[in-house]
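First the structure, in the form of structure tokens, and then the observations on it.
Quick note: the coordinates plus some simple rules give every number you see, no bench work behind them. No experiment lies behind these values; they were computed from the predicted model shown. Virtual Cβ from ideal backbone geometry, glycine too; neighbours counted across all protein chains shown.
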Amino acid sequence: MEENDEQRRELIHKFYQIYRPIQKSCGLREHSHFDIYGNNLIEIWEYKGERKGRCICKVKEDTEIACYQRAIEMLENYSGKETVKHEKRAG
């Protein structure tokens, strides 16, 4: 159980290390829900001011660890696309 808790802690830390910088630059908001029945969810939405934009991440998995792993993958993809957009605008 300790190993599982350590892995969970590391994944949550990694998730927020990736999410926070993107959140500030792209106006993202996160909604997450985890319970003992397996109803685990992470959603991340783009916002323009108070207007809700598109959903960039919607993850539903059986475990909290699987949710965070999948959300990290999706955020890494999203941040890569945002970097390419900014480079195209600058060049």
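Quick notes on this one:
- Residue 2 meets the conditions (1) touching a helix residue (DSSP H, G or I) at 6+ places or on another chain (Cβ under 8 Å); (2) exposed (fewer than 10 other Cβ atoms within 10 Å of the Cβ); (3) not basic (Lys, Arg) in every case but one. The failed one is (1).
- Strands (runs of 3 or more DSSP E) enclosed by the stretch 14-68 - at least 2 residues per element that are touching a His at 6+ places or on another chain (Cβ under 6 Å): 40-48
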